[in-house]
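Student: Take this structure, written in C-alpha cells, and hold onto it; I'll ask about it next.
The values are calculated or read from the model by the stated rules, or taken from the named source; none is laboratory data. Computed from a prediction, not measured in an experiment: that's the story for all the values here. Neighbour counts run over all protein chains shown; Cβ positions are idealised from the backbone, glycine included.
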There are 2 protein chains.
Amino acid sequence: MVTITDISKACGVSRATVSKALNGAPDIAPKTAARIREQAKALGYLPNATARALKVGRSYNIGVLFSDTTGGGITHEYFSQILESAKAEAERLGYDITFISKDLGAMSMDYYEHAKYRSCDGVIIASADFQDPAIIRLATSEIPTVTLDYTFDSRTSILSDNVRGMETLVRFVYENGHRRLAFIHGEMTSVTQKRIASFKKTCAALGITVPSEYIRPAVYHDPRSSGLATRAILELPERPTCIFYPDDLSFLGGMSELERHGIAVPRDMSVVGYDGIPLSQVLRPKLTTYRQGAEKMGTEAARLLIEQIEHPDTWLPQSVMAEGELLPGSTVRNIG
Amino acid sequence: MVTITDISKACGVSRATVSKALNGAPDIAPKTAARIREQAKALGYLPNATARALKVGRSYNIGVLFSDTTGGGITHEYFSQILESAKAEAERLGYDITFISKDLGAMSMDYYEHAKYRSCDGVIIASADFQDPAIIRLATSEIPTVTLDYTFDSRTSILSDNVRGMETLVRFVYENGHRRLAFIHGEMTSVTQKRIASFKKTCAALGITVPSEYIRPAVYHDPRSSGLATRAILELPERPTCIFYPDDLSFLGGMSELERHGIAVPRDMSVVGYDGIPLSQVLRPKLTTYRQGAEKMGTEAARLLIEQIEHPDTWLPQSVMAEGELLPGSTVRNIG
DNA sequence: TTTGAAAACTTAATCGATTAAGTACATTAT
DNA sequence: ATAATGTACTTAATCGATTAAGTTTTCAAA
C-alpha cells in the first residue's frame, strides 16, 4: 500500500507537506504541490479513509437502517427506490453508505451502538418500528438522523404526503361516481393511521358514510392477506363499488380473489392501490394508484442528513414533505 | 466517546491489558479480565471499528457493487433479494456491507480504488458490465472478490443455473405440445449468451427447428422493449405458439401488446418468463417461469467471500451453481 | 542595514486500538 | 540456594493521515 510516507520520501519533503499539498492547503508552494500530486499519481497513491476518519473524527460514511422485522425490507420496490436514490445522492456528496443492523456476528449491539462502532456520521432510518426502544435510542441520540415517514421530536424527517395522497384518491373515485368505498389498510403504523384518518375525513367532507365493516385490516405487501380481506368484503350484504388497497402489491392478491368470484375489474368492481411502483403501470388493467415520491424521499433524506452533518450548529430540524401524484390508470370505472 | 484509555484509568491497568482482556487474551488473570469487562460495560464502552481496522489491517467490512449503468440496479427484485440475503449472511458472520461505486463526491476513482479507499476486506460484484476495464481491474486485483453470474479466471463466482433453467423451461413447454417457440432475449451479456445457447441446444435435441426471426433482442426489465419485440413476432407470417420472455417483468410488457391484438394468454398464446420473482406468482394468470435461487446466491456469495478473506492461503477459487426451480404457473396451455 | 512579515516548510502530537517484546514477581525444580 | 519456568502484567512501537505550533528562508519596507 502506498502511503503519504512513500510520497514524502520520493519527493524529499515531510509527510505533513504531502498531506497539505494533497488537501490543497494554502501554505504549500504551487511547484511543490504539483510535484507531490504528480508523484502521488505516479505511485498510485490512494488516501486511506480509515486513517483519515480516525484523525478527523468524520468517516464520510452514513448508515442506512432497514429493520428486518417490519417487513419493510429492501426487496420492496418502494424502499429499494428510496435506497437507490439516497445512495446516489450520498455518493454525489462524497459519502458512502453502510447498512446498520442489530447484532453483528458474535457482538450483540443495538442500532445506536452499531452506528457508533462504525463511526457513521449520520443515519437514515428508512424503515423501522418506531416504538422499538432501540430505534428510539438511536433517533434521540447525538448522532444526526433523518427518519422516513415518522417524525421524532425536534428531529428531521422526510414524509410521504399520505394525507394528500388518500384525499386525492378518494376525490378521484368520488368524481367517478363512487359512493360506497371500502378500505383495506396495512398494519397499524403511524402511516396507516394517517391514511385511515385522511380517508375518513375526505369521505365525511364529501358526504359519504363509511360503514365500519368497509374498513378492513390486512398486512402491507402481502397479497394473501389482502385477498382474505377482499373475500370478507365480498361477503357483506351490500358490496362497495370500489376497494382501496394498502399498496400496489396487495392489489394483486385482491385481484385473484375478485377473479375467483367472477368479478371483473373495473367492470364489476373498481379498485385503487397505493405506492405507484413501476410495476403498477405495466399491469393490465393499469392500476389507479398514488405514486409516492420515493426517489425524492431518498434524495432529500441523504441531502438533509449530510447538510445536518456538515453544519451541526446552524441546523434546524425540519420535516420535508415529498409530494406524490395520482396515476389515473384504468381500474376505476366511471359510474356517474 | 469512551475509549480503552478511560477503562484503563478506571481499572488502574495499562491500555494493553484492557485491550487484551476484552479480546480474551490468555495472559490476563481471570479476575482482572472480569473487572475490566465490568468497567467497560459500566462506562458504556464501544470498540472503534475504525481504529481497530487501521491497526489490524482488516475492516470487517465488505463492499457490494451494483453497476448503475447496466440496469441491474438494486430496485430489481432479483438483485434486491441477492442484496438482502448477502447482507443477512455477512452480518451473521460479523461483517458490514458498504456500497462500492465509481466516483465519490469530488474524487474520481474507479471501483478498485474505492474498495481500497474504504479498506474493504473483499467485494461482491453483484451486477456489472464484465467487459468494463474498471470491473476487470477490481476482479483481477489482490482484493478478494466473488462475482455473480460471471466467472473471471481463477476467481470465485456464484452462478445461476441458466443452462438448466432454459432447458427446463423448453422441455416443459415441449411436453405441453408446443413446437413453435419464440425467444425474446435481453442485452447480449454472458448470461444471455448462455440462455440463448441452451434454448437452441435443447430445441435441437428435441428436434425443434427455430427460425432465426423467432429470436428477438430486447432489454432486460423493460416492458416497453419486450412489447416491441412481441409486436414484431406477432407480425410474422407464421406465429409461434409460445413466447419466452427475458424476465418476468418483461412479460408484462408483452402481455399488454398481446392484449392489444386481442390475444388471450394462455388461450391464444402461451408465454414463459424468467426469474420467478414473488410478483410473478400473484399475477393472474400465474406466470410460468423459472425461479432463480436469488437468496441462495446472496448467502453463498457472502459466505464464500468471507471464507476467502479469512483463509486466503488455503483458498481455492470455485464456482458455485445456485439451483433454481420451475414454477409451472398457468400461462402455458397444453396443446398436445 | 536592520526589521518585520509573509511564505514555505518541518516537528511532533494525536486519533483508538493492537501486539511484539520486555519486566517483575511468584513458583517450582535441582 | 540458585536456576528455570510461568504468570500477569507494562512499555513502546505501530497503523496512515492530520494539524497546531514552531522553524527557516526570502524579500520588501524603513
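Student: I need a count of the residues in the range B:240-264 that are in contact (Cβ under 8 Å) with a residue 40 or more places away in the chain, of a type in the set (A, V, I, L, M, F, W, C) and surrounded by fewer than 21 Cβ atoms within 10 Å (Cβ to Cβ).
Tutor: 0
Student: Under the condition of being among the acidic types (Asp, Glu) and outside any loop (DSSP other than H, G, I, E, B), which residue from the range A:196-252 is farthest from A:Val163 (Cα to Cα)?
Tutor: Among those residues, the one meeting the criterion is A:Glu213.
Student: Kindly indicate which of A:Ile158, A:Ile135, A:Ile184 is among the aliphatic types (A, V, I, L, M), away from chain B (no Cβ under 14 Å), in contact with an Asp or Glu (Cβ under 6 Å, 6 or more places away or on another chain) and surrounded by 17 or more Cβ atoms within 10 Å (Cβ to Cβ).
Tutor: On inspection, the qualifying residue turns out to be A:Ile158.
Student: Report, by residue number, each residue of the range A:178-195 that is outside any strand (DSSP E or B) and closer than 21 Å to A:Thr331 by Cα.
Tutor: A:His178, A:Arg179, A:Arg180, A:Gly186, A:Arg195
Student: How many residues are part of a loop (DSSP other than H, G, I, E, B), within 14 Å of chain B (Cβ to nearest Cβ) and more than 10 Å from DNA strand D (Cβ to nearest atom) when one looks only at the range A:20-40?
Tutor: Qualifying residue count, the range A:20-40: 1.
Student: Hey, could you check the range B:284-295 for residues that are touching a residue at least 24 places away in the same chain (Cβ under 8 Å) and in a loop (DSSP other than H, G, I, E, B) and say which is surrounded by the most Cβ atoms within 10 Å (Cβ to Cβ)?
Tutor: Only one residue fits best here, namely B:Leu287.
Student: Is there a residue in the range B:105-122 that is facing another protein chain (nearest Cβ under 7 Å) and closer than 30 Å to B:Asp247 by Cα?
Tutor: No, the range B:105-122 contains no residue that is facing another protein chain (nearest Cβ under 7 Å) and closer than 30 Å to B:Asp247 by Cα.
Student: A follow-up question, please. Please state which one of B:Val2, B:Val56 is surrounded by fewer than 21 Cβ atoms within 10 Å (Cβ to Cβ), within 16 Å of DNA strand D (Cβ to nearest atom) and at pLDDT 95 or above.
Tutor: B:Val56
Student: Further question on the same structure: Do we find that B:Gly24 is at positive phi, over 40 Å from the mean Cα position of the chain (by Cα) and either of a type outside the set (Asp, Glu) or within 16 Å of DNA strand C (Cβ to nearest atom) (or both) in this structure?
Tutor: Spelling it out, it is not the case that B:Gly24 is at positive phi, over 40 Å from the mean Cα position of the chain (by Cα) and either of a type outside the set (Asp, Glu) or within 16 Å of DNA strand C (Cβ to nearest atom) (or both).
Student: Of all residues in the range B:78-99, count the ones that are in contact with a helix residue (DSSP H, G or I) (Cβ under 7 Å, 6 or more places away or on another chain), more than 8 Å from every other protein chain (Cβ to nearest Cβ) and crowded, with 22+ Cβ neighbours inside 10 Å.
Tutor: 4
Student: Which of (1) more than 26 Å from the chain's Cα centre (by Cα); (2) surrounded by fewer than 22 Cβ atoms within 10 Å (Cβ to Cβ) is the odd one out, the single condition A:Gln281 does not satisfy?
Tutor: (1)
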